[in-house]
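Bear in mind that the values in this text are calculations on the coordinates, not laboratory data. The structure displayed is predicted, hence computed values, not measured ones. No Cβ is skipped: glycine too gets one built from the backbone with ideal geometry, and neighbour counts run over all protein chains shown.
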Amino acid sequence: MTLEERGDTVSAARLPDDVSTAGELASPATAAGALPDFAWLPVTAVAGLLTAVLIAFSDRYGYHRDELYFIQSGRHLAWGYPDQPPLVPLIARLMTDLAPGSLVLLRLPSAIAGGLLVLLTALLTRELGGGQPRCWRARSSRSPPS
């Protein structure tokens, strides 16, 4: 809803640079002229480090009860379950078919997804106008599960 639709009157002198007179936010690309530089090397280093740490420690503890449930659901595949879509049991089935009993391979897709989450968070931070200091904070947004 714009300011005019609400009936608000706003002086253009009080508006920040990234807000148009219609009360809508301007995109960072049009407000600043171009997107900030993306720190590919540090972001991919942190994403890769996170993925490596998750993989390295994935066999240090036993199965979680959810993992056992996903493995069992993968043995009896269906188009849907009351509590989840069919993708997770399908991935669990594929991983256990490749190496039965391997916790590392079972947890590999989630470790890769964690690294991709760091990368996507930094890219989103850049799209929203954040510079390198904000991208550094975005890289630390993903921590291993406790």
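A cut-off under 13 angstrom between Cβ atoms defines the neighbours of Leu90, and their net charge, with Lys, Arg +1 and Asp, Glu -1, is +1. Compactness of the stretch 36-139, taken as the C-alpha radius of gyration over 2.2 N^0.38 Å, stands at 1.31.
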